[in-house]
Amino acid sequence: MSLAEQIRQAGVVGAGGAGFPAHIKAQAREQRGQPVDFVVANGAECEPLLHKDAELMEAHAVQVVRGVQLVMEATGAAKGLIGIKAKHAAAIAALEQAAGGTGIDIHLLGDFYPSGDEYVLVYETTRRLIPSAGIPLDVGVVVQNVETLYNIAQAADGVPVTRKMLTVAGDVAQPFSGWVPVGITLGDLVEMAGGALPEDYAVFVGGAMMGRLTRDLSERVTKTTGGLILLPGDHDLVQRQERPEQTKHLIGKSACDQCSYCTELCPRYLLGHQLEPHKVMRGLLFSLEGEESWNHWGTLCCECGLCTLFSCPEDLFPREACQQAKADLLPQGRGKFGPFEEPRPVTVHPMYESRRIPIQQLIQRLGLVRYDVPAPYAEPALAPTEVHLLLKQHLGAPAHPLVAVGDRVQAGQVVADVNADELGAPIHTSIAGTVQAIEPDIVVAA
């Protein structure tokens, strides 16, 4: 059986982002007919307060390195690189020992945001520039998150994805990083961290910069849940995020003075791409007929949040304006470059190095200094009696149930899958038990 099929059968998807099915990247050479020169392991982990990738690399360095080797063999890549911040000394030592004699290099990154963005990471590790609206494979690079590579190594041994490595941090009693079963609640995570300290709070799922805010602790952990940041309900980040979208745009329409700081500090702009958030903000002043002339400037946005949460001196919402531009234009097949053709190859801005944003400076700007504490590796005692397994935990089509109500299932058993011609991945149950429901989620009770 090929590695790609082993990955697919194990249900491995990108653990650090949107959940792109990992077996597709293992087939890159065959499907795209393009040579692969580098496999880059993304261990940058630039979201403030999240530590799960660093803890994983320290505890499971051998499996991460093996995952890189397997993908290199599958794609024919000649070189493997592991991108990790230089500050993670213990994880670096573990990786160097595991990678000894393999030809895989450890590439040390600066402690800046967003070093984990694919475009930034590929440039930092290989000095290759991904073209606008392109993917790493366009420049001969395959990128996988380090947890995904761990899961690939597990898949080669026939072990499916039934648990998630994540960090729980913020205003909790005992911040931690560790493995938890897929399908438990966010409330379970808070309990595992010793409980919330404030009475009124909200949680950012995935991080304070790029994550989404919720107060619904009945939501479930999926294969892509990277972490939980719990903050008091009156924290500025919570208050800003909970403003209605229409209000955010109205504020921008009335207050933006076109200072262009959002553009000048944009990581994609600094890599040479035609992404200019201040021009998208300018579009808020125009009628629907004129918006499209400006909104194309936002369709290359990676949604890192720097413009909204750090750069803007007036606390406006350029990222949200770019998100709206993408939502309006890209589904129509318009707007990638608007009426302009972006010059290729892109050229790095001469101020790229000096405008990178240090993580500590970002943490201070976000008002998170008091929560910037270790979240050490731990294995919290948890024996869930029920899990809800979402049928869409990946990019592509939702999985279709393969079980019926009343069926007995074993931990690790496939309970849902996608059709052969669909993009997606199978779902495995994280506990043994009886199927209680199959729509909208598969519910398994022990």
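Per-structure values
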read-out: Qualifying residue in region 151-173 (condition: over 21 Å from A26 (Cβ atoms) and in a loop (DSSP other than H, G, I, E, B)); value: yes
read-out: Filter result for the condition that a residue is assigned to a helix (DSSP H, G or I) and of a type in the set (A, V, I, L, M), over V40, V36, V68; value: V68
read-out: Those strands (runs of 3 or more DSSP E) lying entirely in region 356-446 with at least 1 residues within 21 Å of the chain's Cα centre (by Cα); value: 386-390
read-out: Qualifying positions in region 214-231 - surrounded by 17 or more Cβ atoms within 10 Å (Cβ to Cβ) and not in a loop (DSSP other than H, G, I, E, B); value: R220, G227, L228, I229, L230, L231
read-out: Every pair of residues 6+ apart whose Cβ atoms lie under 6 Å, when the first sits in region 102-115 and is assigned to a loop (DSSP other than H, G, I, E, B) while the second is buried (at least 17 other Cβ atoms within 10 Å of the Cβ) and not acidic (D, E); value: D111/K85; D111/I359; P114/C46; P114/P267; P114/C304; S115/A44; S115/C46; S115/L109
read-out: Among (1) hydrophobic (A, V, I, L, M, F, W, C); (2) surrounded by fewer than 16 Cβ atoms within 10 Å (Cβ to Cβ); (3) under 27 Å from A59 (Cβ atoms); (4) not assigned by TED's automatic domain parsing to the domain that holds G227 - the single one V387 does not satisfy; value: (2)
read-out: The lone exception for E30 - which of (1) crowded, with 20+ Cβ neighbours inside 10 Å; (2) acidic (D, E); (3) free of Cβ contacts under 8 Å to residues at least 12 places away in the same chain it fails; value: (1)
read-out: Test: G11 is touching a residue at least 40 places away in the same chain (Cβ under 8 Å) and either not hydroxyl-bearing (S, T, Y) or not assigned by TED's automatic domain parsing to the domain that holds S430 (or both); value: yes
read-out: Of residues in region 1-33 being among the β-branched types (V, I, T) and not in a strand (DSSP E or B), the one nearest to the chain's Cα centre (by Cα); value: V12
read-out: Filter result (crowded, with 20+ Cβ neighbours inside 10 Å and not aliphatic (A, V, I, L, M)) within region 189-205; value: Y201, F204
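The values are calculated or read from the model by the stated rules, or taken from the named source; none is laboratory data. Everything quoted here is computed from the prediction, not taken from an experiment. With ideal geometry, Cβ positions are generated from the backbone for all residues, glycine too; neighbour counts draw on all protein chains shown.
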